[in-house]
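Read through the structure below, which is laid out as structure tokens, and then see the notes.
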Amino acid sequence: MSSLITAKRFGKVLIWVWNRYIKKAAIPFEELDFHYLDWAFIITGCIFFGVVAGVTLLYFAFIKQ
């Protein structure tokens, strides 16, 4: 359960960074819960962790022989 909470928190940070620096929308971090659903944070965090794990596995499988 803690990994899901961590993924949700990290997904929330990623969405906040996206809104702040890419979309240039001034949404405070505390108000993100009112603009997005909880599953959006969880999916974003899981996708990010999946990409990081995939890149790490590819690195050790092909580059580090």
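The values are calculated or read from the model by the stated rules, or taken from the named source; none is laboratory data. The structure presented is a predicted model; accordingly, all values stated were derived computationally and were not measured. Every residue, glycine among them, receives a Cβ derived from its backbone with ideal geometry; neighbour counts consider all protein chains shown. Surface accessibility is based on the protein's heavy atoms, side chains included, excluding ligands, DNA and RNA. Shrake-Rupley method; radii C 1.70, N 1.55, O 1.52, S 1.80 Å.
A few comments on the model shown:
- J(HN,Hα) series, the range 44-61, from Karplus relation 6.51 cos²θ - 1.76 cosθ + 1.60, nearest Hz, glycine and proline x: 4, x, 5, 5, 4, 5, x, 5, 4, 5, x, 5, 5, 5, 5, 4, 6, 7
- Helical runs (DSSP H, four residues minimum) scored at -39500 (n - 2.57) apiece and divided by the length of the chain put the mean residue ellipticity at 222 nm at -20000 deg cm²/dmol.
- Dipole magnitude for the chain: about 260 debye, using +1 per Lys or Arg Cβ and -1 per Asp or Glu Cβ, origin at the Cα centre.
- Restricting the chain to trypsin sites (Lys or Arg not before Pro) in coil, as DSSP defines it, with at most 16 other Cβ within 10 Å: 23, 24, 64
- Fraction of accessible area attributable to carbon and sulfur, the chain (%, probe 1.4 Å): 71 percent
- With protein chains left intact and a 1.4 Å probe, residues in the chain average 80 Å² of accessible area per residue.
- Correct option for Kirkwood radius over Cα pairs in Å [calculated from the coordinates] among (i) 12.9; (ii) 12.6; (iii) 17.9: (i)
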